[in-house]
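Everything below concerns the one structure shown next.
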Amino acid sequence: MHPTPALNSRLPKVGTTIFSVMSALAQQHGAVNLGQGFPDFDCDPALVDAVAGAMREGLNQYPPMAGVPVLRQRVADKIEALYGRRYDAETEITITAGATQAILTAILAVVHPGDEVVVLEPCYDSYAPNIELAGGHVVRVPLVPGNFRPDFDRIAAALTPRTRLLIVNSPHNPSATAWTRDEWQRLAELLAPTEVLLVSDEVYEHMVFDGREHVSASSIPALAARAFVVSSFGKTFHVTGWKVGTVAAPAPLTAEFRKVHQFNVFTVNTPVQHGLARFLANPAPYETLPDFYQRKRDRFRAGLAQTRLKLLPSEGSYFQLVDYSAVSELDELGFCRWLTTEIGVAAIPLSVFYEGGFEQRLARLCFAKKDETLDAALQRLARL
Ligand SMILES: Cc1ncc(COP(=O)(O)O)c(C=O)c1O
């Protein structure tokens, strides 16, 4: 017998995620899975053709470390057209293996052991483990319970001379809020006298509803100067499994980012990058995305309005929070389990997006699903 040497985990608190748990439960009980945050429909066939074409043309070897130049150029042009800031494709845009790698790499690039990083709870589950891997301290500031707007007094109170980084996500997973220009401006004023950097997680940038504009950190010069602005082609083009994203950041930040990137993934797969560059030549797919998702949101909300679930606003992203307090007294995990096993619809408890498991009787549902899937879920939820 050769025993495996004992380990001292780098991430002792990390276990199986709620997303795997609920998906397994959904499968076991034949539930409609609105827990998983990804589409159950396919991408545009033209995008698949563009990638396949690049493969057939032999574009299959390592691309440059920072990404295929034509794709970086397209991304720089798109950001300039939409948000008004010109990033240099050569020194300020990097193609990553999804937003997840972009965020980890940004954190590893700038956070030293003992540095503090502020996150706004509830938040995406990779942020805290990423900060811990860098040796940083996670400082958690709650968004205002009930409406999930930023509380600038609490953010200000959380900043110390040790604060290196703040992570903001808008449109927001899981609350579906989208920051206004005024909110971004207030953040800019707050950070102006500090050395605090910003990771702006904008993976849902093309999912904003009711005529809202997506306000990117890149559109606010005082923030752009200190920001890693992260996006994800997976979300924008319904190809979450391809894992390709982008980071736009001023040259000095990008230089540090790439030092970590080149010894982590080094680079991202070539034909997908060429395919995306070709597909991006046409702005229609991302320009029409808000309408596409707004129709789904409205269909879903109209059905939910017939139940005793109370709907919170969904300003952006492809999520909808529901308050189930008129339906059940269970805690959030208990309710989501019950909803999956007894009603046949899987949801995610909001409490899992908080370190301490804060209970608000809220559950997250994802409407990035075929209309038939949403209708099937609504038929079951009509019992509530
Ligand atoms: C807020 C947020 N950031 C980042 C990601 C990860 O994006 P990617 O699949 O491009 O790594 C997700 C995916 O669910 C997300 O919701």
Loop-resident GluC sites (Glu not before Pro) in segment 7-110 with no more than 15 other Cβ atoms inside 10 Å, DSSP not H/G/I/E/B, are Glu57, Glu90
FRET efficiency (Glu213, Ala46; Cβ distance; R0 41 Å; to 0.05) is 0.95
Among trypsin sites (Lys or Arg not before Pro) in segment 90-174, those in a DSSP loop whose Cβ has at most 16 other Cβ atoms within 10 Å are Arg162
Of Gln320, Gln73, Gln28, the most mobile residue in a GNM of the chain (C-alpha springs, cutoff 10 Å) is Gln28
Checked segment 195-293 with the C-alpha gyration tensor, a ≥ b ≥ c its square-rooted eigenvalues, rounded below a/c of 1.5, otherwise prolate if a/b is larger than b/c and oblate if not; verdict oblate
Rounded to the nearest 5, the percent of DSSP beta bridges in the chain running antiparallel is 45 percent
About its Cα centre, segment 51-136 carries a charge dipole, from +1 on Lys and Arg Cβ atoms and -1 on Asp and Glu Cβ atoms, whose size in debye to the nearest 20 is 460 debye
Here FRET efficiency (C-beta to C-beta, Glu355 to Ser325, R₀ 22 Å, nearest 0.05) is 0.45
If the chain between Asn264 and Asp182 were fully extended at 0.36 nm per residue, the gain over the current Cα-Cα distance would be 25.8 nm
Only helices counted: for the chain, with every DSSP H run of 4 or more residues adding -39500 (n - 2.57) and the sum spread over all residues, [θ] at 222 nm is -10500 deg cm²/dmol
To the nearest 0.05, the calculated FRET efficiency linking Gln306 and Met1 through their beta-carbon distance, R0 being 45 Å, is 0.15
Final fewest-first order of Phe41, Phe335 on the 10 Å Cβ neighbour count is Phe41, Phe335
Between the alpha carbon centres of segment 265-297 and segment 11-88 the gap in Å comes to 9 Å
Fewest-first ordering of Tyr204, Tyr127, Tyr354 by Cβ atoms within 10 Å yields Tyr354, Tyr127, Tyr204
Ordered by fewest other Cβ atoms within 10 Å, a rough proxy for footprinting exposure, Arg212, Arg226 read Arg212, Arg226
Count of lysine pairs, the chain, Cα-Cα under 20 Å, sep. 8 or more residues or interchain, comes to 10
Rounded to two decimals, the Rg over Rh value of the chain from Cα coordinates and the Kirkwood Rh reads 0.96
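Each value in this text was obtained by applying a stated rule to the coordinates, not by laboratory testing. All values reported here derive from a predicted model rather than from experimental measurement. Cβ coordinates were reconstructed from backbone atoms using ideal geometry, including for glycine residues, and neighbour counts include every protein chain displayed.
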